[in-house]
Amino acid sequence: MMTINTLYELVRNSVEKFASKVAFSMYEGDDVTYAEVGRRIARVQEILTGAGLRAGDKVALLSSNMPNWGISYFAVTSAGMVAVPILPDFSDEELDMIIEHSEAKALLVSDKLFTKLSKQTIERLNVAVRTKNLGVISQRVRGEGSTGVPRPDDLAVIIYTSGTTSKPKGVMLTHAALCAQVDISASIFPVDGGDTFLSVLPLSHTYECSIGMIYPFSMGARVVYLDRPPTASALMPALRAIRPTVMLIVPLIIEKIYRHQVLAKFNSNSFWRTLYRIGFMRRYLHRVAGGKLMKLFGGRLRFLGIGGAKLDGGAEKFLLEARVPYAIGYGLTETAPLLAGAAPSMVRLGSTGPQAPGVELRLENVNPETRQGEIVARTPSAMVGYFKNPEATKEVFTADGWFRTGDLGELDKDGWLYIKGRLKNMIVGPGGENIYPEDIETVLNSHVCIADSIVTEQEGRLIALVHFNREEIESMIDDWREEWESKKEAWEAKTEQLKKEIMDFVNAKVNRFSRISEVVEEKEDFIKTPTHKIKRFLYNKNKNGQTPDQPAAGK
């Protein structure tokens, strides 16, 4: 096996080796062979150089998932230019700011997202290209540019992780860093030309891009894209038709299936509830449910990768007992992403597996009592730094050059990693105890009536802010069929009763100092980052009881 160190080599190798195989497909749409990928790459490069772009120039990529996303990404990076893949979920202002900050000279964009950009942004670009058909939307500059063959240490991409702060953080990754992910992935879980990936996460996420696109492309596998959000009603027919062997998801997708299909059924009456409490019966019921779930997934699934956030313990126990071939990976955009992971045959409840092959992990500032410390990593896939932000770059590297993840973890005697939460989210209890809001939120979110939650500390007490799952509660009070006024009273009476129930529910399951003192209902959805993590700083009250940066409505 030859070692590939640049995306230029990777693309050339795959296009030649797998020419007649299908590389990318659209669900219910067209198939694109590896040879056709090569031809389209040449077309995109022609457009870019015809607009005066040269190796080293930045090209923004703002598009929904489709075969031409990967083609655009490979066209830019294999020309020695720098791709700037942008999350579609950023606000309009953030998109303009990121494109400007990245110094992008060209843009590859899908139709719907194009309308989110300001006229000034479009007018500053040499050229804008439609990802749907690779046609030119607008071209301001005509010139003779040129491509270059990138070296392993050349910059390949800049990925913006946040647009919320005054200084955006653009993660700079080299060709070598991205190519190292192929070797890391292959040594954890090998794939080949017989594999079919179903892609449901945005390709602008490093996780989906590195492991769900670059990796299968390097191995001659096929990736199928959905043209709609992965709701249950959209996923089911697609899974039946595509019958994927590999799928990468975020916990939310599997937690929803577990909550609505598995838990709801086993909580539906006292007969099932009683059975479900008996260990061996629960395991048996899980196995039966797992068999049905695997059928729903098309019956060929070999690998269900889960990453991006903490997986609910109940949902994970179900996957394990149901014998679903799942594995939890851990990593960050800054590490392209994988730092730890294990094959499905090796999973352990609550762990992300050991350090990935080729990666070294250690803990710093370990608390002797909890044995937890900050996870720091040495990996061939570490970023070179944040684009034009040396202060932030300096903060995240140790004196000996290891990357600080900002996550708290603990390693067991076999070197298996357990993530405890974000360092900056940790709350110090009145007796100096370390309290991890994420652990309490996992328990809260496992309650059938809660859609989302966040735990904050106010005057030494832990408060749970919860956003209720309205449909679930409304189905409980549907029997109250009088005027709306009484429906409202019914709702209020029910939520008051629920708050007490939830407190008892949580406090029975967490350690003494993680018990909550109050449950407060958040009527609106929590405000989230583009990667769907709640913006905690908006909800953490400071000492005078003021909430910092209260979000303006509609923000």
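The values are calculated or read from the model by the stated rules, or taken from the named source; none is laboratory data. Because the structure is a prediction, the values reported are computed rather than measured. Counting neighbours? That spans all protein chains shown, and the Cβs are built from the backbone with ideal geometry, glycine included.
Quick rundown of the values:
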| item | result |
| --- | --- |
| Pair list, Cβ under 6 Å, 6 or more apart: the stretch 20-44 residue touching a residue at least 60 places away in the same chain (Cβ under 8 Å) and over 23 Å from Val59 (Cβ atoms), other residue aromatic (Phe, Trp, Tyr) and part of a helix (DSSP H, G or I) | Lys21/Tyr34 |
| Failed criterion for Lys413 (all others in (1) within 26 Å of Arg348 (Cα to Cα); (2) touching a residue at least 12 places away in the same chain (Cβ under 8 Å) hold) | (2) |
| Residue in the stretch 309-343 that is surrounded by the fewest Cβ atoms within 10 Å (Cβ to Cβ), counting only those that are closer than 16 Å to Ser187 by Cα and touching a Phe, Trp or Tyr at 6+ places or on another chain (Cβ under 6 Å) | Ala343 |
| Any pair with Cβ under 8 angstrom, 6 or more apart, that starts in the stretch 261-279 at a residue that is under 17 Å from His447 (Cβ atoms) and ends at one that is not in a helix (DSSP H, G or I) | Leu263/Val448; Ala264/Val448; Asn267/Val448; Arg273/Asn267; Tyr276/Asn267 |
| Candidate set from the stretch 522-536 (those that are at pLDDT below 85 and β-branched (Val, Ile, Thr)); member that is farthest from Thr206 (Cα to Cα) | Thr529 |
| Filter result for Asp57 (under 28 Å from the mean Cα position of the chain (by Cα), modelled with pLDDT of 95 or more, surrounded by 20 or more Cβ atoms within 10 Å (Cβ to Cβ) and among the charged types (D, E, K, R)) | yes |
| Residue in the stretch 66-88 that is at pLDDT below 95 and either under 25 Å from Phe387 (Cβ atoms) or not basic (Lys, Arg) (or both) present | yes |
| Residue match in the stretch 160-170 (condition: in contact (Cβ under 8 Å) with a residue 24 or more places away in the chain, in the same structural domain as Ser91 (by TED's automatic domain parsing) and closer than 24 Å to Glu9 by Cβ) | no |
| Which listed residue is acidic (Asp, Glu), surrounded by fewer than 22 Cβ atoms within 10 Å (Cβ to Cβ) and within 26 Å of the chain's Cα centre (by Cα), from Glu46, Glu9, Glu28, Glu36 | Glu28 |
| Meets criteria (at pLDDT 95 or above and closer than 21 Å to Pro325 by Cα) for Pro230 | no |
| Options Lys21, Lys58; residue that is touching a Lys or Arg at 6+ places or on another chain (Cβ under 8 Å), under 20 Å from Leu173 (Cβ atoms) and among the charged types (D, E, K, R) | Lys58 |
| Selection from the stretch 478-498 of residues that are out of contact with any strand residue (DSSP E or B) (no Cβ under 9 Å at 6 or more places or on another chain) and modelled with pLDDT of 70 or more | Lys487, Lys488, Glu489, Ala490, Trp491, Glu492, Ala493, Lys494, Glu496, Gln497 |
| Conditions (1) within 30 Å of Lys388 (Cα to Cα); (2) in contact with a strand residue (DSSP E or B) (Cβ under 7 Å, 6 or more places away or on another chain); number of the one not met by Tyr8 | (2) |
| Sole residue being under 17 Å from Asp92 (Cα atoms), at pLDDT below 95 and among the hydroxyl-bearing types (Ser, Thr, Tyr), chosen from Thr121, Thr165, Thr115 | Thr165 |
| Answer residue from the stretch 165-203, given it is in a helix (DSSP H, G or I) and polar (S, T, N, Q) and is farthest from the chain's Cα centre (by Cα) among those | Ser187 |
| Helices (runs of 4 or more DSSP H) wholly inside the stretch 204-289 that include at least 3 residues being loosely packed, with under 13 Cβ neighbours inside 10 Å | 232-242, 270-277 |
| Given (1) crowded, with 19+ Cβ neighbours inside 10 Å; (2) on the phi < 0 side of the Ramachandran plot, number of the condition Gly80 does not satisfy | (2) |
| Identity of the residue in the stretch 89-105, surrounded by fewer than 23 Cβ atoms within 10 Å (Cβ to Cβ) and of a type in the set (Gly, Ala, Ser), that ends up modelled with the highest pLDDT | Ser102 |
| Lone qualifier among Asp96, Asp89, Asp111 - being in contact (Cβ under 8 Å) with a residue 60 or more places away in the chain and charged (D, E, K, R) | Asp89 |
